[in-house]
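Notes to accompany the following structure.
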Amino acid sequence: MRKVAFYTLGCKLNFSETSTISRQFAEKGYQKVEFSETPDIFIINTCSVTDNADKKCAKIVREAQSINPDGYVAIIGCYAQLKPKEISEIPGVDAVLGAAEKFRLIELLDGFVKPETTQVLASEIKEATAFNNAYSINDRTRTFLKVQDGCNYHCAFCTIPLARGKSRSDSVENILSSAREIAATEVKEVVLTGVNIGDFGIQDGKRTERFVDLVKAIDEVEGIDRIRISSIEPNLLTNEIIEFTSSSKRFVPHFHIPLQSGNNKTLRRMRRRYLRELYEDRINKIKQLMPNCCIGVDVIVGFPGETHEDFLDTYNFLNELNISYLHVFTYSERANTAAPEMEGRVPLKERKERSKMLRILSEKKKQQFYRENLGSTATVLFENDIENGMMHGFTENYVRVAAKYDPMLINELKTVTLKSINENGTVAVEEPEMVFEKH
Ligand code: SF4
């Protein structure tokens with residue numbers, strides 16, 4: 001039995017795709033192993049958002065070669081689509097597959113025989129029109145279920161449309177069938193995943209369904225305890241979606257909503273499709289219906305033309321906003337996007353300082369959100385981890401909880417009272433009151 005190992009960089013979507021590709025290998029009789037277990041085949045799923053994607057990719061290839069110099073190395077993923085030639089020149093790479101090819105890799109790389117020269121099978125991105133469904137089953141607790149791929153927006157900083165192609169989706173019917181498969185396993189939480197998930201519903205270039213249709217349909221699937229939406233653009237997060245999730249049996253009170261800038265001039269330059277007033281309105285609507293809802297925010301600092309005053313505008317906007325944490329990205333130039341051509345390059349040092357300020361703000365927001373939750377009762381889904389004798393899990397509204405390690409708790413939903421904030425930022429719970437929930 002030939003052995004295959006996977007390495008995934010980047011986002012939840014990549015993880016769901018690696019997981020599905022690994023199941024394709026298992027169906028063909030390959031054995032999935034860890035990198036260290038001398039695999040015959042190494043599959044590296046890359047990301048284009050990662051800084052130094054090229055260096056990271058080369059490092060992993062070197063590692064693969066040192067583990068098994070005769071191993072076959074194939075590179076797939078966003079970075080493979082964007083820079084196939086550069087990747088093919090990394091010593092030790094046997095094949096590079098683009099977005100339209102990656103799900104056919106077993107068929108295309110027939111037998112995984114090391115070639116004389118690197119095989120590059122990366123069509124132009126306009127060829128990536130098929131939707132390939134995917135979901136991850138990495139640990140038993142949580143699954144990333146891919147429902148949408150690609151993006152039709154043209155944000156000035158983003159390479160994703162070039163790496164993943166146009167917006168396209170699975171049908172609600174297919175997704176429900178995957179969701180039922182997942183429900184039949186032990187997995188308790190499904191995270192709906194996509195590039196621009198709010199744009200869900202385009203099939204063969206035509207809009208046939210809406211994201212809210214999916215939300216309503218999947219809420220009915222028995223056997224899934226929790227459903228989370230990974231990230232949704234503010235302009236696509238409608239009142240209907242917010243209202244439905246607020247009364248849903250399974251959708252948890254947690255949204256992750258990219259803002260990118262709290263300064264309207266910068267938002268326009270970024271080619272985002274909303275202004276900060278709309279964003280604020282979305283947050284207010286959510287908090288009005290779900291006061292305990294966790295809200296995460298993506299922000300980019302140091303975008304070209306962002307002056308110190310513009311940054312302070314973003315800072316103050318976020319400081320006033322009732323949100324729970326930030327994901328801060330330091331702007332970095334990406335080839336073939338509009339932003340690097342724009343005036344007003346922000347010095348790297350300044351970008352880093354702004355990033356630091358927002359990371360401190362994020363910590364403050366998170367602590368404040370956790371404090372607001374102390375004393376309340378919540379359900380925690382415990383994960384399979386152990387650190388200094390403690391295990392962890394998340395409440396429905398994404399408070400990270402720590403409890404004494406107990407293997408019986410892994411993948412269990414338990415009702416707890418949130419007691420206090422630990423030094424490391426997690427929340428301690430009242431363990432004696434733990435009661436098992438029925439699955
Ligand atoms: S919405 Fe903008 S940032 Fe998000 S994937 Fe599409 S182009 Fe990129």
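The values are calculated or read from the model by the stated rules, or taken from the named source; none is laboratory data. Here the structure is a predicted model, which means the values were calculated and not measured. Positions of Cβ are backbone-derived with ideal geometry, glycine not excepted, and every protein chain shown enters the neighbour counts.
Filtering region 60-94 to residues that are in a helix (DSSP H, G or I), among the polar types (S, T, N, Q) and surrounded by fewer than 21 Cβ atoms within 10 Å (Cβ to Cβ) leaves 65, 66, 88.
The residue of region 249-261 that is nearest to residue 306 (Cα to Cα), among those that are over 18 Å from the mean Cα position of the chain (by Cα) and away from the ligand (no atom under 16 Å from the Cβ), is 250. For residue 267, the stated conditions do not hold, so it cannot be described as within 16 Å of the ligand (Cβ to nearest atom), of a type outside the set (Ser, Thr, Tyr), modelled with pLDDT of 95 or more and surrounded by fewer than 21 Cβ atoms within 10 Å (Cβ to Cβ).
Taken as a whole, the structure places residue 109 among residues that are assigned by TED's automatic domain parsing to the domain that holds residue 55 and in contact with a Phe, Trp or Tyr (Cβ under 8 Å, 6 or more places away or on another chain). When 229, 202 are checked against the criterion of being within 19 Å of residue 13 (Cα to Cα), more than 19 Å from the chain's Cα centre (by Cα), among the hydrophobic types (A, V, I, L, M, F, W, C) and at pLDDT 95 or above, 202 stands alone in meeting it. State yes or no: is residue 273 touching a residue at least 12 places away in the same chain (Cβ under 8 Å), away from the ligand (no atom under 16 Å from the Cβ) and basic (Lys, Arg)? In short, no. Restricting 208, 185, 159 to residues that are surrounded by fewer than 18 Cβ atoms within 10 Å (Cβ to Cβ) and at pLDDT below 95 narrows the list to 185.
Going through (1) surrounded by fewer than 18 Cβ atoms within 10 Å (Cβ to Cβ); (2) in contact with a helix residue (DSSP H, G or I) (Cβ under 6 Å, 6 or more places away or on another chain) one by one, residue 399 falls short only on (1).
From the list 16, 48, 22, the one residue that fits, being crowded, with 22+ Cβ neighbours inside 10 Å, out of contact with any helix residue (DSSP H, G or I) (no Cβ under 8 Å at 6 or more places or on another chain), under 24 Å from residue 133 (Cβ atoms) and not assigned by TED's automatic domain parsing to the domain that holds residue 178, is 16.
Residue-wise test of (1) among the hydroxyl-bearing types (Ser, Thr, Tyr); (2) within 16 Å of the ligand (Cβ to nearest atom).
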| residue | (1), (2) |
| --- | --- |
| 101 | no, no |
| 124 | no, no |
| 147 | no, yes |
| 171 | yes, no |
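Within region 347-375, being part of a loop (DSSP other than H, G, I, E, B) and within 12 Å of residue 428 (Cα to Cα) holds for 374, 375.
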